[in-house]
């Protein structure tokens with residue numbers, strides 16, 4: 001028995017013993033057979049992901065696996081094909097271990113809206129792990145895989161990365177193909193990595209990125225390299241005061257301590273102001289509702305699954321109903337077009353801030369994760385996203401690295417960069433992590 005088969009067996013045993021509900025489906029026989037075949041494949045042995053065991057969020061198509069989006073709507077839907085990112089992972093020696101739990105159709109910030117029950121936070125099992133990529137972040141945090149894929153529409157990779165104490169990275173819009181991803185909101189969504197460290201985030205992003213003829217929004221980017229300190233001297237880091245002000249005091253303290261790391265690297269830290277923070281959530285959710293309503297029209301029960309409105313959970317139904325309402329002819333100009341105008345204005349203002357800095361750092365979420373089952377109003381739940389949605393609204397790249405904990409609960413530092421400066425941001429994340 002080779003080392004890959006042994007490693008896979010160990011992960012499978014851990015998953016069986018685990019109580020955190022990170023996975024929706026694991027096919028033991030299939031993954032062991034794939035591990036055996038991988039060990040015999042001489043061609044793949046020198047590839048960058050050779051033998052890496054990877055978990056996949058249940059809204060990304062993996063041939064032969066259940067792609068349920070954690071909803072009863074698609075509880076019987078077996079994918080007939082591999083998404084582009086999955087093909088790329090397999091071509092570089094990566095091994096898919098199973099499909100992870102998530103908020104239903106990626107609607108949620110806590111991991112609690114799943115038809116398969118909530119995922120628990122491995123660092124504090126009575127707390128939420130964050131969402132919507134809850135299972136992927138929890139699986140990495142609990143050592144139930146080497147790395148994982150999530151999708152990020154308004155913070156769905158970064159939010160659970162912060163709560164679970166792992167690294168998460170949302171690439172710039174267009175860097176990674178969305179072919180094979182079940183959309184939440186097509187103009188925001190990006191697939192990205194959840195990993196144990198920032199070097200692995202760079203490695204996995206390198207594999208999945210690049211132009212794809214089946215996704216016209218994708219662009220080509222050069223291979224990401226790891227930079228040395230000399231290439232990064234005289235960097236400037238921005239801190240947006242409004243992002244700090246909306247965050248809990250204890251989180252703010254951890255982030256302020258983390259910012260000292262950049263000063264220790266002799267980088268300049270400057271205070272910035274962003275006056276549109278109050279627009280972030282209404283603008284994001286108005287566009288999200290309309291695009292989600294449009295994306296769900298295919299789930300009518302005719303070709304596959306059940307009619308979505310008949311079987312979905314409360315949050316999914318809320319978004320469909322509001323999306324339907326504001327998509328009506330008499331409202332579209334009033335809400336959706338206004339939101340698109342606000343988005344352009346926010347992006348213009350945000351890009352102005354990057355004229356003087358290499359990256360902007362902030363807390364990832366403004367508050368600590370609540371206890372599983374605690375009742376929150378929709379607006380309280382949406383408030384988790386206030387610091388993460390600007391990156392999606394502006395098409396920027398943004399990553400999260402761990403910067404401490406409060407009573408054993410991890411806190412993540414968010415590092416944002418200009419669109420297509422993904423390599424720079426991943427390298428700042430690596431520098432931070434190695435000096436923290």
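The values are calculated or read from the model by the stated rules, or taken from the named source; none is laboratory data. Note that the structure is predicted; figures quoted are calculated from it, not measured. Positions of Cβ are generated from backbone atoms using ideal geometry, with glycine treated the same way; all protein chains shown enter the neighbour counts.
Cβ-Cβ under 6 Å, sequence separation 6+ or interchain: first residue in the range 302-319 and touching a residue at least 60 places away in the same chain (Cβ under 8 Å) and on the phi > 0 side of the Ramachandran plot, partner in a helix (DSSP H, G or I) and buried (at least 17 other Cβ atoms within 10 Å of the Cβ). Which pairs?
Going by the 6 Å Cβ cut-off, the qualifying pairs are 305/73; 305/74.
Within the range 256-307, track down each residue that is more than 18 Å from residue 107 (Cβ to Cβ), within 24 Å of the chain's Cα centre (by Cα) and not in a helix (DSSP H, G or I).
Passing the criteria: 274, 276.
Conditions (1) at pLDDT below 95; (2) surrounded by 17 or more Cβ atoms within 10 Å (Cβ to Cβ); (3) in a helix (DSSP H, G or I), marked per residue:
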| residue | (1), (2), (3) |
| --- | --- |
| 191 | no, yes, no |
| 201 | no, yes, yes |
| 205 | no, yes, yes |
| 218 | no, yes, no |
| 226 | no, no, no |
| 250 | no, no, yes |
| 254 | no, yes, yes |
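When the residues of the range 269-301 are filtered to those that are in contact (Cβ under 8 Å) with a residue 24 or more places away in the chain and touching a strand residue (DSSP E or B) at 6+ places or on another chain (Cβ under 6 Å), which remaining residue is surrounded by the fewest Cβ atoms within 10 Å (Cβ to Cβ)?
271
Please indicate, with yes or no, whether at least one residue in the range 259-268 is modelled with pLDDT under 95 and in contact with a strand residue (DSSP E or B) (Cβ under 6 Å, 6 or more places away or on another chain).
No, there is no match, as no residue in the range 259-268 is modelled with pLDDT under 95 and in contact with a strand residue (DSSP E or B) (Cβ under 6 Å, 6 or more places away or on another chain).
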